[in-house]
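These notes concern the structure reproduced below.
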Amino acid sequence: MTNNAVIQRTKQPDSSGSDSSWRRPVLVVAVCLGLLYVLVLAGIIGIYVQNVQSNEALESRIAALESYNVNQTIRNTVSQVAFTAALGNTGYIGPVGYDTNLVFDEVITNIGGAYNSKTGVFTAPVRGVYFFMFTGHSLSDTNMGVSLVRNGNIIICKTFTQSGVFPSRHETASNSVTQTLEVGDQVNNVLWANTMINKHPNRYTTFVGQLLFLL
């Protein structure tokens, strides 16, 4: 009885070995599927992040281009600065015992609107190099002196004194200069104390300015 029992127990199949034989492939497949899922998910996330970054870069480039175009339009518009103004009508300004700001009230050209015909002052709208010219007209038996000033400081002058020629004749004097101006700098003409200048319909006395280039 004992021997038969031993033999019978020996012949019984090993169920644990059979279970492990099919579980391993399933486990391997599950691990592979898990890794594949992780890889696919990582790829999807990577593509999404790349697209987001690309869109942000594209939006940044578009914004920069739009800003550049706006700035260029503004600069091109503002850079068109030129004016010519004259003392019209008939008569004289001066002589008085103090310096007098000259108001060139007859505007011939004022591109950019930087010259004020009410005050006679040109105000620089942009930083750049400007050209100015001013011409004065009077009679030979009078004295005339005019300064071109920037923010109240003399840049250059023009003048003539009595020539002693009689009868009196028409005389003119002029001067010109290039100046670097900052935004808001003001330029105008000042008639010297105890001198005089002529106003004439032919516009002999003029004030001219022009922006040459931006800085």
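The values are calculated or read from the model by the stated rules, or taken from the named source; none is laboratory data. Everything numeric here is computed off the predicted structure, so don't read it as measured data. Note: ideal-geometry Cβ built from the backbone for every residue, glycine included; neighbour counts use all protein chains shown.
What is the one condition in (1) modelled with pLDDT of 95 or more; (2) within 18 Å of Q210 (Cα to Cα); (3) out of contact with any Gly (no Cβ under 7 Å at 6 or more places or on another chain) that F132 does not satisfy?
F132 satisfies all of (1) modelled with pLDDT of 95 or more; (2) within 18 Å of Q210 (Cα to Cα); (3) out of contact with any Gly (no Cβ under 7 Å at 6 or more places or on another chain) except (3).
Can you name the condition, by its number, that G128 falls short on among (1) free of Cβ contacts under 8 Å to residues at least 40 places away in the same chain; (2) surrounded by 14 or more Cβ atoms within 10 Å (Cβ to Cβ)?
(1)
Can you tell me how many residues within segment 83-97 are more than 15 Å from F134 (Cβ to Cβ) and part of a strand (DSSP E or B)? Even if it seems obvious, please write down each step before you answer.
Step one: filter segment 83-97 for residues more than 15 Å from F134 (Cβ to Cβ), giving 88-92, 94-97.
Filter again for part of a strand (DSSP E or B), leaving 91-92.
Qualifying residue count for the region: 2.
Among the residues of segment 139-158, are any outside any strand (DSSP E or B), at pLDDT 90 or above and among the hydroxyl-bearing types (S, T, Y)? Talk me through it step by step, then tell me what you get.
At the first step, the residues of segment 139-158 found to be outside any strand (DSSP E or B) are 140-143, 151-152.
Retained after the next criterion (residues that are at pLDDT 90 or above): 151-152.
Next, from what is left, pick out any that are among the hydroxyl-bearing types (S, T, Y): none.
Scanning segment 139-158 turns up no residue that is outside any strand (DSSP E or B), at pLDDT 90 or above and among the hydroxyl-bearing types (S, T, Y).
Cβ-Cβ under 8 Å, sequence separation 6+ or interchain: first residue in segment 88-99 and at negative phi, partner among the basic types (K, R). Which pairs?
G88/K199; G88/R203; T90/K199; Y92/K199; I93/K199
(1) touching a residue at least 24 places away in the same chain (Cβ under 8 Å); (2) within 17 Å of A193 (Cα to Cα): which one isn't true of A85, the others all being true?
(2)
Among the residues of segment 124-146, is there at least one that is over 21 Å from Y98 (Cα atoms) and touching a helix residue (DSSP H, G or I) at 6+ places or on another chain (Cβ under 8 Å)?
First, the residues of segment 124-146 that are over 21 Å from Y98 (Cα atoms): 124-133, 140.
If we keep only those that are touching a helix residue (DSSP H, G or I) at 6+ places or on another chain (Cβ under 8 Å) as well, we get 125-126.
Looking for residues that are over 21 Å from Y98 (Cα atoms) and touching a helix residue (DSSP H, G or I) at 6+ places or on another chain (Cβ under 8 Å), one finds at least one in segment 124-146, hence yes.
What number of residues within segment 98-115 satisfy the criterion of being surrounded by 18 or more Cβ atoms within 10 Å (Cβ to Cβ) and not in a loop (DSSP other than H, G, I, E, B)?
Matching residues across segment 98-115 total 3.
With the requirement that a residue be surrounded by 14 or more Cβ atoms within 10 Å (Cβ to Cβ), assigned to a loop (DSSP other than H, G, I, E, B) and on the phi < 0 side of the Ramachandran plot, what does segment 164-215 give you?
D185, W192, T195, M196, H200, Y204, T205, listed by residue number.
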